[in-house]
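The values are calculated or read from the model by the stated rules, or taken from the named source; none is laboratory data. Given the structure is predicted, the values throughout are model-derived calculations rather than measurements. Please note: Cβ atoms are built from the backbone with ideal geometry, for glycine as well, and neighbour counts cover all protein chains shown.
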Amino acid sequence: MAEEVLARASEGAGRVLVTGGAGFIGSHLVEALLRRGERVRVLDDLSTGSLSNIAACHGDERLEVEIGTARDAATFRRVLDGCGTVFHLAASVGVGMVTAEPAECLRNNVEGVQNLLAGLAGLPGRLTLPRVILFSSSEVYGKSERVPLREDGDLVLGPSNVPRWSYASGKVTGEFLVLAEHRRTGLPATVVRCFNTCGPRQQPTYGMVVPRLLGQALRGEPLTVFGDGRQSRCFSFVDDVVAAVLALACRPETVGEVYNVGSDHETTVLELASRVRRVTGSASPVHLVPYHEAYGDHFEDVRRRVPDLGKIRGVLGPLLLTDLDTLLRLTLSHLVATGAAAVSASSFATAAAAPVTDPFSATANGTPVIPAVPAPFGAGRPAS
Ligand SMILES: NC(=O)c1ccc[n+]([C@@H]2O[C@H](COP(=O)([O-])OP(=O)(O)OC[C@H]3O[C@@H](n4cnc5c(N)ncnc54)[C@H](O)[C@@H]3O)[C@@H](O)[C@H]2O)c1
């Protein structure tokens, strides 16, 4: 069913453009599209993505890869040619990257959307505009405390001297630009606000908590948790997110709308660290790191980030939500298989002696409150 509607969306111009297609989510999306029989073009500057992410697709003649930047208008115009559907993911992502380079991230994220719209406006002789799916983020909700967060709720961003809000500002600017274009020209666009998407190939480098904690556990290092660890997030599995986004792209009633996409199962970061220890069998202690040490003085965190999924469920019905332990095991299997986190057997032993604050080791005799339990790697996903 979904395949047919997607094919209809790209009627007359069969290629699907995925900007940021060599990135974490993008590469899973590319694979899913190829599995559905689509012809796919990727535009990626490889700033945080990698061709190794789409290595499994190499040699597939339905896949074209253009190494280039969405910030170059001519490049964007060229790659749009012949595309009936565009998934725009190319962006600077991650709290670490955004706090380090707020202005550059903002420019990157806004200019990409501007060039997308300029390129679409310049398409010659098109009777129907391509279907556009803009990837936005739960970050746009900022500090809103109206949990669960609804798409029609207020966006509460912090001050401009706090670098992290530049990411939200860029993403929400993209939303405004695309939705205004929808109203002006009828552009069939949908905005998806993803909430903490995780899974194989996500890099720990830019502040992504799941691969960072798994890598630390595998190396026997302390698990660094920022703040008091009682802030909560909802972690969703990348395959579930890709399936939901593809389904939204196929539904005509989603045009001109904004959707939360992800899981609504709330977990504190301390609980996440505990589960990481369980699935890895690690005895690594937890090290609480104050925010100002991690991100400097100008940093604000968000206590709860829980989506209201009523709107997306209203369109798609029940959602596939892989449970957190399975998500962790699948990500762990990939880390182990690719050697992305170097594992040292001896490091498991030394970690226990590390001088850190460990909220899980709070008993008088030092026995962890949550003992490390070895778990099988690569347990399969539950049947949907
Ligand atoms: N992972 C999450 O939890 C999450 C949450 C909310 C929103 N998102 C959104 O999903 C999208 C994908 O994120 P991801 O987690 O896969 O991150 P990622 O860093 O793996 O993917 C981004 C990709 O875009 C590419 N890129 C960046 N700037 C570019 C440019 N100017 N031109 C061409 N390519 C460029 C990068 O090389 C990378 O391949 C982003 O738009 C992000 O804002 C992700």
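When each of THR267, THR197 is tested for being under 28 Å from ASP154 (Cα atoms), hydroxyl-bearing (Ser, Thr, Tyr), touching a residue at least 24 places away in the same chain (Cβ under 8 Å) and surrounded by 19 or more Cβ atoms within 10 Å (Cβ to Cβ), the lone residue that passes is THR197.
Could you list, in sequence order, all residues of the stretch 70-103 that are surrounded by fewer than 19 Cβ atoms within 10 Å (Cβ to Cβ) and within 22 Å of LEU129 (Cα to Cα)? Hits for the stretch 70-103 are ARG71, ASP72, ALA73, ALA74, THR75, ARG77, ARG78, ASP81, GLY82. Residues in the stretch 21-53 that are free of Cβ contacts under 8 Å to residues at least 40 places away in the same chain and under 12 Å from LEU89 (Cα atoms) were compared, and the one that is farthest from the chain's Cα centre (by Cα) is VAL42. Of the numbered criteria (1) in contact with a helix residue (DSSP H, G or I) (Cβ under 7 Å, 6 or more places away or on another chain); (2) more than 10 Å from the ligand (Cβ to nearest atom), the one GLU64 fails is (1). Would you confirm whether or not the stretch 135-148 contains a residue that is in contact with a Pro (Cβ under 6 Å, 6 or more places away or on another chain) and surrounded by 23 or more Cβ atoms within 10 Å (Cβ to Cβ)? No, the stretch 135-148 contains no residue that is in contact with a Pro (Cβ under 6 Å, 6 or more places away or on another chain) and surrounded by 23 or more Cβ atoms within 10 Å (Cβ to Cβ).
Scan the stretch 55-64 and give yes if some residue there is under 21 Å from CYS194 (Cβ atoms) and within 20 Å of the chain's Cα centre (by Cα), otherwise no. There is no residue in the stretch 55-64 that is under 21 Å from CYS194 (Cβ atoms) and within 20 Å of the chain's Cα centre (by Cα).
Please go through the stretch 20-60 and give me each residue that is assigned to a loop (DSSP other than H, G, I, E, B) and either buried (at least 24 other Cβ atoms within 10 Å of the Cβ) or within 11 Å of the ligand (Cβ to nearest atom) (or both), ordered by number. Of everything in the stretch 20-60, those that are assigned to a loop (DSSP other than H, G, I, E, B) and either buried (at least 24 other Cβ atoms within 10 Å of the Cβ) or within 11 Å of the ligand (Cβ to nearest atom) (or both) turn out to be GLY20, GLY21, ALA22, GLY23, ASP45, LEU46, SER47, THR48, GLY49, SER50. Within the stretch 215-252, if we keep just the residues that are of a type in the set (A, V, I, L, M) and within 20 Å of TYR291 (Cα to Cα), the residue that is surrounded by the fewest Cβ atoms within 10 Å (Cβ to Cβ) turns out to be VAL225. VAL192: among the aliphatic types (A, V, I, L, M), in contact with a helix residue (DSSP H, G or I) (Cβ under 7 Å, 6 or more places away or on another chain), within 11 Å of the ligand (Cβ to nearest atom) and under 24 Å from ASP325 (Cβ atoms), yes or no? Considered against the rule, which asks whether it is among the aliphatic types (A, V, I, L, M), in contact with a helix residue (DSSP H, G or I) (Cβ under 7 Å, 6 or more places away or on another chain), within 11 Å of the ligand (Cβ to nearest atom) and under 24 Å from ASP325 (Cβ atoms), VAL192 comes out as no. Of all residues in the stretch 290-304, exactly one satisfies the criterion of being under 22 Å from ASN161 (Cβ atoms) and at pLDDT 90 or above, namely ARG303. For the stretch 98-109, the criterion of being over 23 Å from VAL162 (Cα atoms) and of a type in the set (A, V, I, L, M) is met by none of the residues. Any chance the stretch 256-265 includes a residue that's among the charged types (D, E, K, R) and under 12 Å from the mean Cα position of the chain (by Cα)? No, the conditions are met nowhere in the stretch 256-265.
Among the residues making up the stretch 83-116, those that are away from the ligand (no atom under 11 Å from the Cβ), out of contact with any strand residue (DSSP E or B) (no Cβ under 9 Å at 6 or more places or on another chain) and either in a helix (DSSP H, G or I) or among the β-branched types (Val, Ile, Thr) (or both) are GLY96, THR99, ALA100, PRO102, ALA103, LEU106, GLN114.
Of all residues in the stretch 185-215, those satisfying the criterion of being in a helix (DSSP H, G or I), under 26 Å from ASP308 (Cα atoms) and out of contact with any strand residue (DSSP E or B) (no Cβ under 7 Å at 6 or more places or on another chain) are VAL209, PRO211.
Within the stretch 117-140, the set of residues being near the ligand (Cβ under 10 Å from one of its atoms) and either among the basic types (Lys, Arg) or part of a loop (DSSP other than H, G, I, E, B) (or both) is empty.
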